[in-house]
Amino acid sequence: DAKTTQPTSMDCAEGRAANLPCNHSTISGNEYVYWYRQIHSQGPQYIIHGLKNNETNEMASLIITEDRKSSTLILPHATLRDTAVYYCIVSNDYKLSFGAGTTVTVRA
Amino acid sequence: EAGVAQSPRYKIIEKRQSVAFWCNPISGHATLYWYQQILGQGPKLLIQFQNNGVVDDSQLPKDRFSAERLKGVDSTLKIQPAKLEDSAVYLCASSLSGGAYGYNEQFFGPGTRLTVL
C-alpha cells in the first residue's frame with residue numbers, strides 16, 4: 001500500500017543541483033513528508049522532513065506544493081558521495097513505510 | 001555521539017539453523033525498531049519496542065522470529081529455524097519518542113547481512 005510514487009532512477013552531474021520528485025496525492029492533513037537516503041551497504045539516513053512549509057537544513061531543501069500532493073527534495077550541489085537510494089515517505093506516527101525509492105547516481 | 005550499534009555485520013548459516021542479531025540503540029532513545037531489507041527493496045518494519053514493551057509486531061513472522069528488549073536498552077532478534085527467504089539485511093533503528101509528537105526521526109545502524117544457504 002505505497003503512499004508515495006518516485007521515479008526509479010535518475011542521474012545528475014557533480015556540482016549541479018539534484019531535484020528529486022515525489023507524488024503523495026493521498027496524503028492526509030496530519031502526515032509528515034520524510035526523506036531518507038541509503039548509501040550502499042549502510043543503513044538509511046534521515047535527510048529532512050516537513051508538514052506544510054518548505055524546509056531547509058545543511059543537507060537539503062524540501063519543497064512541498066500548496067495542496068501537499070507532491071514534493072521535491074533538492075540537493076543544492078550534488079557530490080559523488082550523494083550517490084544513494086532516496087526514499088520519500090509520508091507518515092503521521094512511528095511507522096515509516098519504505099518503498100523502492102529513487103536510485104540517484106551522481107556522475108563526475 | 002555514538003550511533004546505533006549492531007553485531008555481527010555478516011552471518012552465513014544453513015537453512016534450519018538458528019541465528020541471533022544484537023542491537024544497541026543510541027543512549028536515551030526509548031523506541032527501537034527492527035527492519036528486514038531484502039535485496040532491491042526498501043526496509044520493512046518487523047517490530048517496534050517502546051522502552052521494553054512491544055508496540056507493533058504485526059509484520060513479524062512469529063512462528064520463527066522472536067525479539068526481546070530487556071531493561072529497555074539493547075535488543076536481540078532471533079530466527080529459528082531459518083529459511084532461504086530470510087536472506088536479507090536486518091536493520092536496527094532507534095528514535096527518541098517513536099512518533100509520539102507526530103514527528104519521528106529514526107537513526108539506523110549499519111545492519112547485519114544474513115545469508116541462508
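Go through (1) at pLDDT below 95; (2) buried (at least 17 other Cβ atoms within 10 Å of the Cβ) one by one and return the number of the condition B:Y101 breaks.
Status for B:Y101: all satisfied but (2).
If a residue has to be of a type in the set (V, I, T), away from every other protein chain (no Cβ under 12 Å) and farther than 17 Å from B:E105 by Cα to count, how many in the range A:55-108 make the cut?
Residues in the range A:55-108 being of a type in the set (V, I, T), away from every other protein chain (no Cβ under 12 Å) and farther than 17 Å from B:E105 by Cα: 10 in total.
Restricting the search to the range B:33-68, which residues are in contact (Cβ under 8 Å) with a residue 60 or more places away in the chain and either of a type in the set (S, T, N, Q) or more than 19 Å from B:G111 (Cα to Cα) (or both)?
Passing the criteria: only B:Q37.
From the set of residues in the range B:18-44 that are part of a strand (DSSP E or B) and not hydrophobic (A, V, I, L, M, F, W, C), which is surrounded by the fewest Cβ atoms within 10 Å (Cβ to Cβ)?
B:K44
Hey, A:I48 hits all of (1) touching a Leu at 6+ places or on another chain (Cβ under 8 Å); (2) away from chain B (no Cβ under 14 Å); (3) farther than 14 Å from A:V85 by Cα but one; which does it fall short on?
Going through (1) touching a Leu at 6+ places or on another chain (Cβ under 8 Å); (2) away from chain B (no Cβ under 14 Å); (3) farther than 14 Å from A:V85 by Cα one by one, A:I48 breaks only (2).
Among the residues of the range A:1-54, what is the count of those that are part of a strand (DSSP E or B) and in contact with a His (Cβ under 6 Å, 6 or more places away or on another chain)?
Selection size over the range A:1-54: 2.
In the range A:9-41, which residues are within 13 Å of chain B (Cβ to nearest Cβ) and either touching a Ser or Thr at 6+ places or on another chain (Cβ under 8 Å) or exposed (fewer than 15 other Cβ atoms within 10 Å of the Cβ) (or both)?
A:S9, A:S28, A:G29, A:N30, A:E31, A:Y32, A:V33, A:Y34, A:I39, A:H40, A:S41
Does the range B:77-98 contain any residue that is away from every other protein chain (no Cβ under 14 Å) and either among the β-branched types (V, I, T) or under 30 Å from A:L51 (Cα atoms) (or both)?
Yes, that holds for at least one residue.
State all residues of the range A:26-57 that are among the small types (G, A, S), modelled with pLDDT under 95 and either within 23 Å of B:Y90 (Cβ to Cβ) or more than 15 Å from the chain's Cα centre (by Cα) (or both); if no residue qualifies, say none.
Within the range A:26-57, A:S28, A:G29, A:S41 qualify.
In the range B:69-96, what count of residues is obtained for those that are farther than 21 Å from B:P110 by Cβ and in a strand (DSSP E or B)?
Within the range B:69-96, residues that are farther than 21 Å from B:P110 by Cβ and in a strand (DSSP E or B) number 0.
Output the number of the condition that B:K15 fails; it satisfies all remaining conditions of (1) outside any loop (DSSP other than H, G, I, E, B); (2) in contact with a helix residue (DSSP H, G or I) (Cβ under 8 Å, 6 or more places away or on another chain).
(1)
Within the range A:64-96, track down each residue that is among the aliphatic types (A, V, I, L, M) and more than 18 Å from B:P43 (Cα to Cα).
Residues satisfying the conditions are A:I64, A:L73, A:I74, A:L75, A:A78, A:L80.
Quick one: which of A:L75, A:L62, A:L51, A:L96 is within 12 Å of A:T4 (Cβ to Cβ) and surrounded by 14 or more Cβ atoms within 10 Å (Cβ to Cβ)?
Every option except A:L96 fails the conditions.
What number of residues in the range A:1-60 are farther than 22 Å from A:A78 by Cβ, touching a Lys or Arg at 6+ places or on another chain (Cβ under 9 Å) and among the acidic types (D, E)?
Total meeting the criteria: 1.
The values are calculated or read from the model by the stated rules, or taken from the named source; none is laboratory data. These numbers were taken from a predicted model, which means no experiment stands behind them. When we count neighbours, we look across all protein chains shown, and the Cβ atoms used for this are built from the backbone with ideal geometry, even at glycine.
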